[in-house]
Amino acid sequence: MMLKPSLAQILKKDESYYSLVVAVAKRAREIAEESEKEKISLTEKPVQLAVEDFAFGKYYLIESKNIGVAKE
């Protein structure tokens, strides 16, 4: 089990901390919903499991350079 992986282990060059936080929160909600739906009791918190998913490469960030840019 990995405890508190550093950002350097998870983020690659040019990936934003904000994007990671949003992605981890989204994944944690998915984990919580899946465990509730399947009636599975989690031994770890969903956020810790989500961070581990990103740290071990099970999930990864895909960022777009055009986020927040609106065309007229």
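Observations, loosely collected:
- Within the range 13-52, the set of residues being among the polar types (S, T, N, Q), at pLDDT 90 or above and not in a helix (DSSP H, G or I) comprises Ser41, Thr43.
- Inter-residue pairs, beta-carbon under 6 Å, first within 18 Å of Lys58 (Cα to Cα) and open to solvent by 100 Å² or more (accessible area, probe 1.4 Å) and in the range 9-21, second assigned to a helix (DSSP H, G or I) and among the aliphatic types (A, V, I, L, M), 6+ apart: Gln9/Ala55
The values are calculated or read from the model by the stated rules, or taken from the named source; none is laboratory data. What you are looking at is a predicted structure, and each value in this text was computed from that prediction instead of being measured. When we count neighbours, we look across all protein chains shown, and the Cβ atoms used for this are built from the backbone with ideal geometry, even at glycine. Only protein heavy atoms, including side chains, enter the accessible area calculation; ligands, DNA and RNA are left aside. Shrake-Rupley method; radii C 1.70, N 1.55, O 1.52, S 1.80 Å.
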